[in-house]
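Just so it is clear, none of the values below were taken in a lab; they were calculated from the coordinates. Just so it is clear, the structure is predicted and the values come from calculations on it, not from any experiment. Every residue, glycine as well, gets a Cβ built from its backbone with ideal geometry; the counts of neighbours run over all protein chains shown.
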Amino acid sequence: MITIIRTALLSIWRNKLTSFLAILGVVIGVASVSTLVSVGQGLKNDVSSLISGLGTNVIAVIAGKIDTSSSQSINQGNPADFLSGDILTLNDVSSLQAVPDIEIVSPMTLVSGELSSGNQKASPTVVGAYPSILDAMQVIHLEKGKMFASGSKEKEIVLSFNAAKGLFGSADALGQTVQLSKNGGFKVVGILAESKASAAFASDLNNLAAIPFDTATALNKGQVRIMRVIIKAKDNADVKTMKERIKTTMLTSHNGEENFSVVTQDDMLDLFSQFLNMATAMVSAIAAISIVVGGIGIMNIMLVTVTERTREIGIRKAVGATNRAILFQFLMESMVITLLGGLVGLGMTIVASIVIKSQTPLTPAITWSVLWLAVGGSALVGIVFGLIPALRAARKDPIEALRYE
């Protein structure tokens, strides 16, 4: 076996250009697939970190039906319901507040508009919420100032880290006034601390602005448009039991119509994992085409190599080499080429991951599955696409091969 590997390496070295071109196709394929898989795994890790940071006793009620018990959950329900603001109501909020073992119920509504201060502008996600939203969502905290009062109808606003920095730079934003499009000025009463919950999703948490729920309703022309209801159960409450209680309460409030979803931390993790797995699989399958193209290139080059070395094959057979030895010889050359390509592609994946981590909020995760994909996948390509040339070399007639010019 060692002799076969040494001979394969010598053959590759003698044909540097053709070997380089063959390796290059595998490098591009392995690097692209491995990088995409590592980015997908990194996104899954970030989502898990963010959702876990919410706390196991946090439950969300979402407009629209999602069947979290089905593997097809992300394909079910009317997509328009998820964007609707008229499914969840204040009556739902009141009903949920009366459920035993519920500590916090905080509805959320969206307000369109851009924030500005002088010549500086920012476009955070502006939400109307109860002040208790910070206690319910444990991944965001006040750094300075305070939350607006419960039931407040004042034009007050709490800015996230990025929003405050974008509008006021290094100056203290507390007590300043910002303009919300054509809705007039809002006094900054609080600044949120910079979120460290997740590398990829901290940017979203750091790009928020919160105003009183009643003020947001007034800006929406008096329409109550609740997008989500964030619920925090008591620490000693059983989450599964609470989920069923909340669902029963909501069904009663909606006259038996289940046009909403009650989602726990585990449900959210499963939903995001399903979506990210599907997305990663789709883009990886597209990228895998380059591996197939590289394999076809290897087959083509190996067929040419077999033809060029016909006389060598005849001589080896004349001195006693068996068909099996010839077969293993050329198959090993194909595998060595693809393994080299896989290792170089893995190296490029590591470099790409470092660059992505330094230049973007993403943190790619190079797991054992990525390593096996690079090494095992390239070896498999070498076997599959090198088999036909190796069989052709092994079946050559030694007499005819010796006569070949």
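In table form, for the structure just shown:
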{"item": "Reach of residue 243 by Cα under 13 Å, taken over aspartates and glutamates that are not fewer than 8 positions away in the same chain", "result": "101, 266, 267"}
{"item": "Selected from 236, 57, 300 as most flexible by GNM, with the chain as the system and alpha-carbon contacts under 10 Å", "result": "236"}
{"item": "Of 298, 354, 28, the one that fluctuates the most in a GNM where the chain has Cα springs shorter than 10 Å", "result": "354"}
{"item": "Cα coordinate range in the stretch 88-258, projected on the principal axes (Å, largest first)", "result": "51, 35, 27"}
{"item": "15 Å beta-carbon shell around residue 179, net charge (K/R +1, D/E -1)", "result": "+2"}
{"item": "Under 20 Å from the Cα of residue 153 - lysines, other chains or at least 8 residues apart", "result": "182, 187, 221"}
{"item": "Within the stretch 165-302: Cβ-based charge dipole about Cα centre, in debye rounded to nearest 20 (Lys, Arg +1; Asp, Glu -1)", "result": "420"}
{"item": "Structure-derived Rg and Dmax of the Cα atoms in Å: which label, when the choices are (1) 23.1, 76; (2) 30.8, 98; (3) 27.7, 89", "result": "(2)"}
{"item": "Backbone N under 13 Å from the residue 97 label point (7 Å along Cα→Cβ), restricted to the stretch 135-162", "result": "150-152"}
{"item": "Cβ charges +1 (Lys, Arg) and -1 (Asp, Glu), total dipole of the chain, debye", "result": "1580"}
{"item": "Farthest toward positive dipole pole in the chain [+1 Lys/Arg, -1 Asp/Glu at C-beta], among 364, 102, 32", "result": "32"}
